[in-house]
Every structure is written in C-alpha cells, then in structure tokens.
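Okay, so here's the structure we're looking at.
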Amino acid sequence: MLSIERRKWLVLVAAIWIQAFAGTNFDFPSYSTQMKSTLRIDQVQLIYLAMASDIGKLFGWCSGVLLLYFPTWVVLFMAAFLGLFGYGLQWLIIQTQFSVPYFMMFILSLSAGGSIPWFNTVCFVLNINNFPENWPLAVSLSVSFNGVTAALYNLLATKLSPNDKSTSYLLLNAVVPFIVAIAALGPILQQPGPQKDLQTDETVIKDDAHIFVCMYILAAVTGLYLFFLEPKSQNIFIGSVLLIALPLLFPNIVYLIKKAHRAYYSKRQPVKGPDYSLVEFKHHAEFPEECSTPVVDKNSRGCCVFERIIETDRLKVLGEEHSVTHLLSRCDFWLYYIAYFCGGTLGLVYSNNLGQIVQSLGYISKTKALVTVYSTCSFFGRLLSAAADLVACFYHQTYTRMYNIRTGRLSLALVLMPIAFLLLVLSDKLTVLSIATGLIGICSGFLVSTAVTITSELFGSESSGINHNIVITNIPLGSLLYGYTGSLIYVDHISRLRYEDRLDERATVCFGRTCYYHTFILWGFISFIGLASSILLFLRTKPAYVRYNQKQGSKQTSTGDDF
C-alpha cells in the first residue's frame, strides 16, 4: 500500500495528464478549413462555431456544483463524455457519415467546449485537496501543461496520419481525453483525500519543495521539446517518457535521495525544513478579530474620493468562504473580473485572430512561427507564475512576504499587455509583431495560471470550483464582444477598398496595416482598463496579505523561540 505522501503525487501526475490533453480548443485552426468546406459555411458561420466552444464555458460552474454532491471521478467522466459526444459526432459529420443542420453543429461545438472547464475544475479540486500547503504550486504546474495540448495533438496527428492530419484532430479530441480519464481513475480513487486539518511536518514541506522544482524543470524541458522541434523529427517515445514516466519517478527519486541524506547527516546535525507555507484558508477562524476589524492602510495617500474607493468593502481576511450571492456583491470580485476580462481574455481573442492579423500584414508565410511564439510564451508565462512561490519555499517568510501579494504579481504581468498593443500601433514590422505577440502570450499564460490561486485566496478554497467558473464567464463574453467588434472594423476596411484593389466583388480578406490598426488602439485602451482595475485590486487587498504574512512571521518566531 502506497503512503499518503506518494499517493498525493500520483494524484498530481493524474492532474498533469488530464490538463495536458484537455486543451482541445487550441487545435481548432487545424481542422477549421476542412469543416468550413465540408459544411459549406462562410467565415462568419465558422467564427460562430468557434465562439460556441467558448460559450460552453458559461456552464463550467455546473461542475463545481456537482463536485459538492458527487465523487471527483464521476464529474471527470461526465467531462469526458461531453467531449466524446461533441467532438465524436463532429468527426463523423466531417467524414460525411451523415449530415445535420447548422444549429446542431453549434450545439455539438458548445458541448465539446463545455468539457474543458469541467476537466479544469476537477484538476483544481484535486490539487487543492491533496496539497494543503503548496496547492498554488500544484495548480500552476498542472495548468502549465494545458499549454502543450496543441503541440501534443499535432505530434499524434503527424504520426497517425502524416498525409491528411486535419481529419485526425477531431477524433483525437474525442477519444484521447476519455482514455486519459480512464488512466487517471486509479490515482484518483486512491487519493488520500482532503488534508487541510492534518499537521504537515516541516520535513515533508521541504521534500515537496524539491519535488516541485524537479517537476517544473521537467515541464520546461517538455515545452522546449514540443515547441522547438518539428513534429516529424519528434519521437513519441521520448514525449511519453517526459510526460508519463518521469513525473511518476521524480517523487520516489527525491524521497530516496533525501532519506539517504538524512540517514548520513542525522548524527551530525538536524535537517531543518523551510519556514514557509502558502496561504491556509482556515486562518480567518484562528484570528476572528480580522473578520470584524476594518483594515486600514496607514500608508494610503490621496484625495478622499480615492481613499473611499480603496477602503469601501475591502477584503478583510484571506481565504474567507464566499457564497455566490456574497461573491457577486463584493467590489473586489468585480475588480478582479474586469482585470481578467480586459487582460487574459483579450489575449485569448488576440491569439484567435492571429492568423488574420498576420495575413493582413503580409506575413502569411510566418503564421506558424508566430503561433509558436505565442504558444511558447504562453506556456512559459504559466510556469513563471509560480516562480515566486518556488523561491519562497527555500527562504524565510520574512524575506519573501512582499512577493506573496499575488494580486501585485497580477498587476505586474498585466503591464505587458498595453505595451504590446502600443508596439502594434506604432509599427507593423515582423520583429515588432513577434515581440508584441510574445508579450501578450506571457501575460495571458501568467494570468490563466495564477487566476485559480487568486480566486481561492480571495474568496475561499472550498467554493473555488464554483467561484472560479463564475470568474471565467468573462472568456465567452469577451470572445463575443472583442471578436465581433474586431470583425466589424475588419469588414469596414474591406468595404473602403477601391474596387480595383479587391480580389472580387465579394472580397473577404483585408490587406494592409489599417485592417487592425484601430482594433489595436481599441484593444490597447481596454487592456489599460484591465491594468488599472488590477492595480486597484492590489491596493485594496494588500493589507490582508500583509496582515497574514505578519501573523505567519510571528507564529514562526514563537515556534523558533520554543527550541
């Protein structure tokens, strides 16, 4: 029988497997052309099918509710069946096995896209339950593997059907997540379960820190392998070792090394664990005065109106559980929602339009390279979101407490977005386009990875499955609003072309810098609103983070005095 420590790492590996194959919406461009041709639909109808996948995320909160009443594995297989139904029938339709009305294709796309937040919610809950001390590291690690889904499916499609890959993606999207769900069933059924009320030994925390470092290095190596090698030169065996074998082996290897190290040095000097742990969500019960005493930032300056904005209904304690009604009534929630809506979601919309942007600027041959730039930067942005937590695992809380204000890190990441759109407005050079795409990718990846942790820290971990799915409703809303607005501007520029400059009377392609110039200005202004909202959120939540760190520091000092 495996120990509790080893079983929790198996659960993390299962979450990594699920996330690595659950980002099925990223390969839509790979089969969209054939879908458009087979269904005989125009570009607008195709865009609506892509939006349907995002609209499916509006129902992600259902998975959080179901997890309150059903075991985790039940919700996991519900997600798998949603994807199998949605993608499987789409594959049969593209294979011309039968035909359905356009409305049914919209429903199938909605079902397929709806499976993605269900998979994500299952992984979030597994990580939070099994890593009470370091769950933000576990969440960001598993979420980072979601960024390699497109590369993995491209590798599988190249090996399985090298001559006609486009017919394979939908089949892979339907079958592979279902197979992975079956593979993950064993670790999930054997998981040690919620451990929030258990005392965690300092040695265990230190062992976890070293294993997480190994896992993050493995994630970086996996990303480099998948993104920078051509699919034809990649080996499936090497990919499976990086993704399956090494995550299973690393915990055991670290435990054996640490055990030998302790056995050798135990007689000479004691081995101390790090004086650090991430946010615990029961601390507001330990310090009830925090919940009733208003938090006032003594260093706040400015006019009375600004101070009132900062002080009104500000967060008093980290980890306090919020019901849906309470959540929607909080100013901090709406600041957070706007920051995500005008930041991370805008980055996703930019990636969806990247093909047309590149085409309009005359760099159509560089499309694949720029998509790789965005994907790679997004992946490493996800890994970067946990950098401060990894460093903090090996240093005293006193030296790292300012870096633990996660809303501050969010603001720093969102600074990149307005800079990127400013570059796009000022120049249409390929180098500038590549740099701006990379900055947007880093920002989007960082925000997607750290968002779950922020939701849990600000509004409670027990209800995070529901609350975070409410937060990400901004994704389909932003996809519809930003995508539709950008399309209107794009079509307007086509109508302004001189007749002799058009390919034909029904020209649907716009060429030139002006096609997206005004869209970039608009998106840049929106991203600035997101940045401003994140800064306000940081100022309002900073005292709660500082107070928590002070409490932790005093507890660590008193513990040290006992020795």
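Summary of values
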item	result
Kirkwood hydrodynamic radius of region 406-471, Cα pairs, Å	13.2 Å
Amide H within-cut-off set for Gly460, under 5 Å, with H built and near neighbours excluded	Gly319, Glu320
Efficiency of FRET from Cβ geometry, Leu412 and Thr367, R₀ 22 Å, rounded to 0.05	0.15
Rounded accessible area of Ser360 (nearest 10 Å², 1.4 Å probe)	10 Å²
In region 1-107, trypsin sites (Lys or Arg not before Pro) in a DSSP loop with at most 16 other beta-carbon atoms within 10 Å	Arg40
Probe 1.4 Å, all protein chains present, accessible-area order of Cys377, Cys515, largest first	Cys377, Cys515
From phi via Karplus (6.51, -1.76, 1.60), per-residue ³J(HN,Hα) for region 405-419 in Hz, x at Gly/Pro	7, 5, 5, x, 5, 4, 5, 4, 5, 6, 4, 5, 5, x, 4
Given Lys57/Lys542; Lys57/Lys316; Lys8/Lys159; Lys159/Lys366; Lys258/Lys542; Lys57/Lys429, the pairs whose alpha carbons are separated by over 28 Å	Lys57/Lys542; Lys57/Lys316; Lys8/Lys159; Lys258/Lys542; Lys57/Lys429
Accessible-area ranking of Thr38, Thr473, largest first, probe 1.4 Å	Thr38, Thr473
Å³ per residue enclosed by the Cα convex hull of region 91-181	105 Å³
Heavy atoms of Val448: accessible area, 1.4 Å probe, square angstrom to 10	30 Å²
Karplus-derived 3J(HN,Hα), 6.51/-1.76/1.60, for each residue of region 102-115, Hz, glycine and proline x	4, 4, 5, 5, 4, 5, 5, 5, 5, 5, 4, x, x, 5
Linear extension gain, Leu480 paired with His326, 0.36 nm per residue minus alpha-carbon span	52.7 nm
Under the Karplus curve 6.51 cos²θ - 1.76 cosθ + 1.60, θ = phi - 60°, whole-Hz ³J(HN,Hα) for region 454-459, x wherever Gly or Pro sits	4, 4, 6, 5, 7, 10
Per-residue SASA entry for Ile182, accessible area with 1.4 Å probe, Å² rounded to 10	90 Å²
Around Leu361: net Lys/Arg minus Asp/Glu count, Cβ-Cβ under 12 Å	+2
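The values are calculated or read from the model by the stated rules, or taken from the named source; none is laboratory data. Computed from a predicted structure; not experimentally measured. All Cβ positions, glycine included, derive from the backbone under ideal geometry; neighbour counts span all protein chains shown. We work out accessible area using only protein heavy atoms, side chains counted, and drop any ligands, DNA or RNA first. Shrake-Rupley method; radii C 1.70, N 1.55, O 1.52, S 1.80 Å.
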